[in-house]
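For reference, the structure is listed below as structure tokens.
What follows draws every value from the coordinates through simple rules; no lab data is involved. On a predicted model such as this, the values are computed, not experimentally measured, just so you know. Note that each Cβ is placed from the backbone with ideal geometry, even for glycine, and that neighbours are counted across all protein chains shown.
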Amino acid sequence: MNRAIADALAAAPERGVQEDVMVLNMGPSHPAMHGTVRMVLTLDGETVIKCDPEIGYLHRGFEKQCENATWSQVFPYTDRLNYCSPLLNNFGYALAVEKMLGIKATDRCNYIRTILGEMARLADHFTSLGAGALELGAMSAFLYAVEARDHIWDLVEEVTGARLTVSFARIGGLKEDLPDNFAERWEATEPRLWDVIKKLDQLSTKNRIFMDRMMNTGTIGADEAISLGFTGPVLRSTGVAYDIRKDSPYFAYDRVDFEVPVGTNGDNYDRYLVRLEEMKQSISIIRQCLKGLPGGPLNVDDPHIMLPPKELVYNSIEGMINHFKLIFEGIQVPAGEVYSYTEAANGELGFYIVSNGTGKPYKLRVRPPCFYFMGGIDRMIEGGMLSDIIPTFDTINMIGGEVDR
């Protein structure tokens, strides 16, 4: 007998014979599975009595690639973890290496990292809410959300030169400063974002069909979520107000005022509401940071870490040699190990890195938030309906690049 069927029958002894259950493969080619996940479902009619998720259909070897690159060459790889909010990945990795080096970014750098990080969070949440609505048939909500994301990406492109794979962070700082007109551009963009948030709220929050599809589906309790390693909006939807930006502040988060939205039921509807409210908080954080943006240097003043200005590289032997050694040999990070964590759009993004004192990581391990959601999605799906898988998979916001195993 098929093992999945046998397990299902053991879990549901009231079912009499093997023919009463059906084993169904959902994915990896199913559009809702993003081409990177397969779920082996055992169904009693349209009720899911067992779900066996399988990851690994996307495997680029992120960690091993990083171990064969210099510390600075890792940034393009981090872009491709959560490709909906690459700046947050950039900054999280930079912070980890800076802890290894025992250095702190400048105040101006920390404020700009906070601003750009919250812009990335906004883009990620707009993508999540819009795509989730689309897969429930709400095409208008999706188009509005993508429009708002495009406004954010326009700003990101002005700052970084790219819309998606930005590679903007540097160990000890950033590639460059904000454009002179950035504050004015944000002032013009912010009302558009508020307008889309209002439209999403009006289209979805009290929509009877949306509520019926989202409420009391994909439910998980706080204790179980904690035991499974859940973080971010999924954990906060259960009522646990854990947010690394509040509990272990970094960058400029200890200098801004914001709330941590939480839910009560831990269901798909609460996860939607938490993300909707978090977008409002992100806009508030950006406004506060722009108002209090300090002057001063952008990057740390250390030639062993930061690349020299181009004019020195082109016009002095010292600058050329310094540039050459940093590019070919890499930053020489002292031997040791560190775990550093930040609040990415989907939860705790951690980097565990080990240095043997050379210009490349000896060991690099990423702790992606989505990986842990996939370890508990069976608990959220089993007992529900087949159609409930789609909104549940959407509200955990599984990103294939993070679950790259």
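Note down the nm distance, to one decimal, between modelled labels 7 Å out along Cα→Cβ at Tyr83 and at Val146.
Those two pseudo-labels are separated by 1.5 nm.
Between Arg192 and Lys291, what length comes free when the chain is fully extended (0.36 nm per residue of separation minus the Cα-Cα distance, one decimal in nm)? Each step should come with its number before you reach the end.
Numbers: separation 99, 0.36 × 99 = 35.64 nm, distance 1.96 nm.
My answer for the length gained is 33.7 nm.
Give me the number: length gained by fully extending Ile209 to Ser387, i.e. 0.36 nm times residue separation minus the C-alpha to C-alpha distance, one decimal in nm. Working shown, then result.
On the way: separation 178, 0.36 × 178 = 64.08 nm, distance 1.33 nm.
Once the chain is fully extended between Ile209 and Ser387, it gains 62.8 nm.
Roughly what angle does helix 139-160 make with the longest principal axis of the chain, taking Cα atoms, 0 to 90 degrees, to the nearest 10?
20
Taking the chain as a Gaussian network, where each spring joins two C-alpha atoms under 10 Å apart, which residue of Asn90, Asn25, Asn207 fluctuates the most?
Comparing Asn90, Asn25, Asn207 in a Gaussian network model of the chain, the most mobile one is Asn207.
Along the charge dipole of the chain, Cβ charges K/R +1 and D/E -1, which of Ile327, Val97, Cys109 sits furthest on the positive end?
Ile327
So what is the diffusion coefficient of region 33-185 in µm² per second by Stokes-Einstein at 10 °C and 1.306 mPa s, using a Kirkwood Rh over Cα pairs? Present the calculation step by step, with values, prior to reporting the outcome.
On the way: Rh = 17.8 Å.
In µm²/s, the coefficient is 89.
Using a Gaussian network model on the chain with a 10 Å cutoff between Cα atoms, which of Ser85, Ser316, Ser282 fluctuates the most?
Highest fluctuation among the options: Ser316.
What whole-number distance in Å separates the alpha-carbon centres of region 48-87 and region 340-405?
What the calculation gives is 9 Å, centre to centre.
Between Arg367 and residues 5 or more places away or on another chain, which pairs have amide H atoms under 5 Å apart, with H built 1.01 Å from N, and which residues are they?
Residues meeting the criterion, in which the H sits 1.01 Å from N, are Gly350, Phe351, Tyr352.
Short version: ³J(HN,Hα) in whole Hz for each residue of region 209-216, in order, from phi by Karplus 6.51 cos²θ - 1.76 cosθ + 1.60 (θ = phi - 60°), x for Gly and Pro, what are they?
In residue order, the calculated couplings are 5, 4, 5, 5, 6, 9, 6, 6 Hz.
Need the full-extension length gain, Thr264 to Ala32, defined as separation in residues times 0.36 nm minus the C-alpha distance. One decimal, nm.
Numbers: separation 232, 0.36 × 232 = 83.52 nm, distance 2.67 nm.
Value of the extension gain: 80.9 nm.
Give the lysines reachable from Lys175 as a straight Cα distance under 23 Å; neighbours fewer than 8 places away on the same chain don't count.
Leaving aside lysines fewer than 8 places away in the same chain, those within reach of Lys175 are Lys99, Lys104, Lys291, Lys310, Lys325, Lys360.
I'd like the Karplus ³J(HN,Hα) series for region 32-45: coefficients 6.51, -1.76, 1.60, θ = phi - 60°, whole numbers in Hz, and an x wherever there's a Gly or Pro.
6, 8, 6, x, 10, 9, 10, 10, 8, 9, 10, 10, 10, x
Hey, rough spin-label estimate for His304 and Lys104, points 7 angstrom out along Cα→Cβ, what's it come to in nanometres?
2.0
Straight-line reach only, C-alpha to C-alpha below 24 angstrom: list the lysines that Lys198 could link to, leaving out same-chain residues fewer than 8 apart.
Lys206, Lys280
Tell me, what ³J(HN,Hα) does each residue in region 166-177 have, in order and in whole Hz, if you take phi through Karplus 6.51 cos²θ - 1.76 cosθ + 1.60 with θ = phi - 60° and put x for Gly and Pro?
So the J values, rounded to whole Hz, are 8, 6, 8, 6, 9, 5, x, x, 9, 4, 7, 7.
Based on the Kirkwood radius over alpha-carbon pairs, what is the Stokes-Einstein translational diffusion coefficient of the chain at 20 °C with 1.002 mPa s viscosity, in µm²/s? Walk me through the intermediate numbers first.
Numbers: Rh = 22.4 Å.
Answer from the Stokes-Einstein relation: 95 µm²/s.
What is the Cα centroid distance between region 132-159 and region 220-253, reported in whole angstrom?
Using only Cα atoms, the two centres lie 25 Å from each other.
Specify the residue with the greatest mean-square fluctuation among Met22, Met119, Met100, computed from a Gaussian network of the chain linking alpha-carbon atoms under 10 Å apart.
Met22
Under the rule of -39500 (n - 2.57) per DSSP H run of 4 or more residues, summed and divided by the residues of the chain, what mean residue ellipticity at 222 nm is obtained, to the nearest 500 deg cm²/dmol?
On the way: 17 runs with 187 residues, N = 405.
Rounded to the nearest 500, the figure is -14000 deg cm²/dmol.
Return the long-range amide H neighbours of Ala252 (sequence gap of 5 or more, or a different chain), with a cut-off of under 5 Å between placed amide H atoms.
Thr114
Considering the alpha-carbon set of region 152-246 alone, what are its Rg and its Dmax in angstrom?
Cα only, region 152-246: 19.0, 50 Å (Rg, Dmax).
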